[in-house]
Amino acid sequence: SKSFEYIKTSSPKPGVGQVTLNRPKALNALCTPLIDELNDALSDFNASDETSVIILTGSEKAFAAGADIKEMAPLTFSEAYTKSFIESWSLLTTKIKKPIIAAVSGHALGGGCELAMMCDVIYCTDKANFGQPEIKLGTVPGAGGSQRLTRAIGKSKAMELVLTGKSFSGAEAEKWGVAARAFPTYEALMEETLKTAETIAGHSKVAVQACKEVVNKSQDLGLRDGLEFERRVFHSLFGSQDQKVGMKAFAEKTKAKWTHS
Ligand code: CO8
């Protein structure tokens, strides 16, 4: 596999790809070269027939402490605007068709919180430290925080957090629905994340990709259009082999042998 400076990649179980943010001296602050490497690694996993699902994680101490403040400090409006600063971050949400599980321990602040929210599922520790502290730096969330956090927890709570810059814990993230599950220890987090990834990797790749697509559409479309979109995808999967394989196996009380086609 490729060698990276700011991330590590691995395949902890069959069908499971993992990207570990690895810039420990800066608590995984998300500098542009890190994001470029992340996009590169995610694109490779997305293209690989060996991978069904991707885990994105940091260290026990930090998922990511935000965008790199030292890199951003001297930027001018014209530079940010003409170079579309941070637009490349969203590759995660447009080009990657396989589910991404964020395993969050420690700090997930600013761009780190936003990066986690770009993923499809968030698992975290009870003590994880989420927040959108941009206001304390004289700016606003720039990679989806104001939009995704508000959709996840409602306007009043999101507004309070964005205006105060206060953090919220992993336990709160779970209670409010930002995270799917929170765990008491880092070890439990990583173990359960891997278990869920293995469960997903055990399903038909075609169905997995389609499930991600239909759920994500609910974030962009109104209910009527969303339901119509879902039904079209549902219809189209009658054209897949794995729909036949899966339903036949159910009727015959055998285990489905997915063809992934
Ligand atoms: N950027 C650059 N360097 C950072 C960042 C960061 N976001 N966070 C931490 N570091 C560096 C520190 O400067 C320090 O470096 P050095 O050792 O050279 O001084 C090292 O990491 C360790 O940090 P601390 O000594 O501060 O560690 P503590 O354990 O005392 O504190 C905290 C941990 C509370 C996480 C603290 O580091 C902190 O408050 N960090 C900044 C958090 C923050 O404000 N994040 C939001 C950044 S703004 C943002 O993300 C905007 C997103 C906009 C869209 C995305 C654009 C790309």
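A cut-off of 5 Å between modelled amide H atoms, ignoring neighbours fewer than 5 places along the same chain, links Ile55 with Gly17, Gln18, Val19, Ile101.
The percentage of C-alpha pairs in the range 1-148 whose separation is greater than 24 Å is 27%. Normalised by 2.2 N^0.38 Å, where N is the number of residues, the alpha-carbon radius of gyration of the range 42-120 equals 1.24. Phi angles of the range 114-122 translate, via the Karplus equation with coefficients 6.51, -1.76, 1.60 and θ = phi - 60°, into HN-Hα couplings of 5, 4, 4, 6, 6, 6, 7, 9, 10 Hz per residue; Gly and Pro are given as x. Among Arg224, Arg151, Arg232, the residue with the largest mean-square fluctuation in a Gaussian network model of the chain, with springs joining Cα atoms closer than 10 Å, is Arg224.
Quick one: check the C-alpha center-to-center distance for the range 223-261 versus the range 59-133, whole angstrom. Each part reduced to its Cα centre gives a spacing of 34 Å.
Can you sort Thr150, Thr9 from fewest to most other Cβ atoms within 10 Å of each residue's own Cβ? Walk me through the numbers on the way to the answer.
Numbers: Thr150 17, Thr9 21.
Going from least to most buried by this count: Thr150, Thr9.
Within the straight-line cut-off of under 18 Å between alpha carbons, the aspartates and glutamates reachable from Lys244 are Glu252, sequence neighbours fewer than 8 places apart in one chain being disregarded. Karplus-derived 3J(HN,Hα) values for the range 30-47, using 6.51 cos²θ - 1.76 cosθ + 1.60 with θ = phi - 60°, are 8, 7, 4, x, 5, 4, 4, 5, 4, 4, 4, 5, 5, 4, 5, 5, 5, 7 Hz; glycine and proline are entered as x.
Can you check what the net charge comes to around Pro24, using other residues whose Cβ is under 13 Å from the Cβ of Pro24 (Lys, Arg +1; Asp, Glu -1)? Working shown, then result.
On the way: positive: Lys8, Arg23, Lys25, Lys61; negative: Glu5, Glu60.
Result for the neighbourhood of Pro24: +2.
Measuring from centroid to centroid over Cα atoms, what is the spacing of the range 5-39 and the range 194-221 in Å? Taking the Cα centre of each part, the range 5-39 and the range 194-221 sit 22 Å apart.
Among His235, His107, His203, a tally of other beta-carbon atoms within 10 Å of each Cβ gives an order, fewest to most, of His235, His203, His107. Computed over the chain, the per-residue total of -39500 (n - 2.57) for DSSP H runs of n ≥ 4 gives a 222 nm mean residue ellipticity of -14000 deg cm²/dmol, rounded to 500.
Rounded to the nearest 0.05, what FRET efficiency do Glu198 and Arg232 give with R0 = 22 Å and r taken as the Cβ-Cβ distance? Could you check? Once the sixth-power term is evaluated, E becomes 0.15. DSSP bridge analysis restricted to the chain gives an antiparallel fraction near 25%, rounded to the nearest 5.
Among Arg231, Arg181, rank each residue by its count of other Cβ atoms within 10 Å, from fewest to most, as a rough exposure measure.
Details: Arg231 11, Arg181 16.
The order, fewest Cβ neighbours first, is Arg231, Arg181.
Computed 3J(HN,Hα) for the range 72-86, one whole-Hz value per residue from the Karplus formula 6.51 cos²θ - 1.76 cosθ + 1.60 where θ = phi - 60°, is 6, 3, x, 4, 9, 4, 4, 5, 4, 6, 6, 8, 6, 3, 6, glycine and proline marked x. Among the trypsin sites (Lys or Arg not before Pro) within the range 1-81, those in coil by DSSP and having at most 10 neighbouring Cβ atoms inside 10 Å are Lys2. Amide H contacts under 5 Å for Val104: Tyr123, Cys124, Thr125, restricted to partners 5 or more places along the chain or on a different chain, H placed in the peptide plane at 1.01 Å from N.
Averaging sequence separations of C-alpha pairs under 8 Å and six or more residues apart, then dividing by the length of the chain, give the relative contact order as a whole percent.
Details: 458 pairs, mean separation 41.6, N = 261.
Relative contact order comes out at 16 percent.
Give the cross-link partners of Lys97 among the lysines, using a straight C-alpha distance below 16 Å as the criterion and excluding same-chain residues fewer than 8 apart. Counting by Cα, and skipping residues close in sequence, Lys97 has these lysines nearby: Lys205, Lys212, Lys217.
Short version: what are the Cα gyration tensor semi-axes of the chain, square root of 5 times each eigenvalue, largest first, in whole Å?
Working: eigenvalues 207, 84, 70 Å².
Semi-axis lengths for the chain are 32, 21, 19 Å.
A simple spin-label model places the labels of Lys175 and Gln219 2.4 nm from each other, with each point 7 Å out along Cα-to-Cβ.
A short reminder: the numbers here are calculations on the coordinates, not readings from a lab. Note that this is a predicted model, so its numbers are computed, not measured. When we count neighbours, we look across all protein chains shown, and the Cβ atoms used for this are built from the backbone with ideal geometry, even at glycine.
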